[in-house]
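Novice: Below: one structure in structure tokens.
The values are calculated or read from the model by the stated rules, or taken from the named source; none is laboratory data. These numbers were taken from a predicted model, which means no experiment stands behind them. Neighbour counts run over all protein chains shown; Cβ positions are idealised from the backbone, glycine included. All accessible areas refer to the heavy atoms of the entire protein, side chains included, with ligands and DNA or RNA removed. Shrake-Rupley method; radii C 1.70, N 1.55, O 1.52, S 1.80 Å.
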Amino acid sequence: MLVRVLNGPNLRRLGTREPDKYGTATYARLVEHCHAVAGELGLEATVRQTDAEHEMLGWIHEAADDGAAVVLNPAAWTHTSVALRDACAMLTAPLVEVHLTNVHAREPFRHRSYISPVAAAVIAGCGIDGYALALRWLAARPAGG
Ligand code: DQA
């Protein structure tokens, strides 16, 4: 199974970015963790991050064309981007929305997600383990399901 693990703005700064909220694991550690779990599960995973919305849209379009499943942390675009939601709605394989923090326990503007209505599943508040949970859930799904 092809899986794209895609990360939105500011996530490359993990490790130093508000560690009280996002933890001390670096972005490099997150990438390594995803590759290790994907390898264990026999998934073909690529892990990427961008601060540029047009680049993220291109990656989602590519995933739609390739029939790849997507694990997406849309970061701040979660709460702002109709364009990203529209792109996600074109995906043909499952989309799992992941947040490191429990966005529902934070500021009210983080409670609304433009992405959740077009996601198959949402994981929030599990830190970087949320990515591993998403990959495990995808790997356990029946083919074509
Ligand atoms: C986040 C939560 C968002 O509200 C925030 O803008 C982020 C990270 C998370 O992983 O908890 O950048 O998606």
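Novice: Taking the inverse of the average 1/r across all pairs of different Cα atoms in the chain, what Kirkwood radius in Å do you get?
Specialist: 15.0 Å
Novice: Which is the longest stretch in the chain that no exposed loop site breaks, taking sites as trypsin sites (Lys or Arg not before Pro) with a DSSP loop state and at most 15 other Cβ atoms within 10 Å? Provide the component values of the computation, followed by the final result.
Specialist: Values: sites that count: ARG17, ARG106, ARG112.
With a cap of 15 other Cβ atoms within 10 Å, the longest stretch comes to 18-105.
Novice: Starting from the Cα gyration tensor of region 36-114, take the square roots of the eigenvalues, sort them a ≥ b ≥ c, and report rounded, prolate or oblate (rounded when a/c is under 1.5, otherwise prolate if a/b is larger than b/c, else oblate).
Specialist: oblate
Novice: Moving on to the next point. What number comes out for accessible area per residue over the chain if the probe is 1.4 Å? Units Å², please.
Specialist: Details: 6870 Å² over 145 residues.
Accessible area per residue: 47 Å².
Novice: Looking only at Cα atoms, what is the convex hull volume of region 92-134 per residue, in Å³?
Specialist: Cα-based convex hull of region 92-134, divided per residue, equals 58 Å³.
Novice: While we're looking at this one, here's another question. Which of the peptides 118-130, 87-99 is most tightly packed, and how do the rest follow, judged by the mean count of other Cβ atoms within 10 Å per residue?
Specialist: Working: 118-130: 17.3, 87-99: 20.2.
The densest-packed peptide leads the list: 87-99, 118-130.
Novice: Report, to the nearest whole %, how much of the accessible area of region 1-136 belongs to carbon and sulfur atoms, 1.4 Å probe, protein only.
Specialist: 52 percent
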